[in-house]
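Structure first, commentary second.
Where a number appears in this text, it was derived from the coordinates with a stated rule and is not lab data. The shown structure was predicted, so the numbers you read here are calculated from the model rather than taken from an experiment.
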Amino acid sequence: MKQSILSDCMSTIKNAESVGKDRCTVQSSKIVLEALKTLQDKGYIGEFERIEDNRGGKFRIELLGSINDCNAIRPRFSVKKDDFEEWEKRYLPAKGMGVLIVSTPSGIMTHEEAKSKGIGGKLVAYVY
């Protein structure tokens with residue numbers, strides 16, 4: 001059953017990683033694109049490409065086997081610039097392990113980047 005495109009994307013990535021696949025395909029959207037760019041920058045996934053299928057498109061993602069868990073955060077909680085540690089404790093297994101993906105007025109980025117820029121936002125997903 002479809003929940004949200006980002007939730008479905010994260011579930012597909014997690015399931016493909018857990019069975020040892022080297023690639024997977026997910027639906028395309030702007031938020032999925034930005035989340036995939038963030039995951040790629042942090043080294044959780046390899047290259048990804050957009051495939052046009054005349055129904056909105058898909059992304060083919062190369063998996064590196066480095067994801068233990070990932071998921072979308074629903075509902076999207078608001079986070080102030082000083083409250084990231086509380087959410088790290090809730091969603092990540094240890095300090096310095098994994099990232100929270102945050103939607104900010106400056107775009108989608110990791111919680112570390114948002115902390116360094118001194119901006120808050122809405123929690124979108126986590127990965128470790």
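Here the Karplus relation 6.51 cos²θ - 1.76 cosθ + 1.60, evaluated at θ = phi - 60°, turns the backbone of region 70-80 into coupling constants of 8, 6, 7, 9, 10, x, 7, 6, 7, 10, 7 Hz, with x for every Gly and Pro.
Based on C-alpha pairs under 8 angstrom that are at least 6 apart in sequence, the chain has a relative contact order of 24 percent. Per-residue ellipticity at 222 nm from helix content only, as computed over the chain with -39500 (n - 2.57) for each DSSP H run of at least four residues, stands at -9500 deg cm²/dmol.
Cross-linked pairs Lys58/Lys115; Lys42/Lys117; Lys30/Lys81; Lys21/Lys115; Lys21/Lys81; Lys37/Lys95: Cα-Cα separations exceed 27 Å for Lys58/Lys115; Lys21/Lys115; Lys21/Lys81.
The alpha carbons of region 1-68 stretch over 31, 26, 17 Å along the principal axes, in descending order. Given that just one value was derived from the coordinates, which of [x] 14.2, 44; [y] 19.2, 70; [z] 13.8, 40 is Rg and Dmax of the Cα atoms in Å? The value computed from this structure is option [x].
The H on the amide N of Asp69, modeled in the peptide plane, is under 5 Å from the matching H of Tyr128, each at least 5 residues off or on a different chain. The string of couplings for region 95-102 from the Karplus curve (6.51, -1.76, 1.60, θ = phi - 60°) is 5, x, 10, x, 9, 9, 9, 10 Hz, one whole number per residue in order, with x for Gly and Pro.
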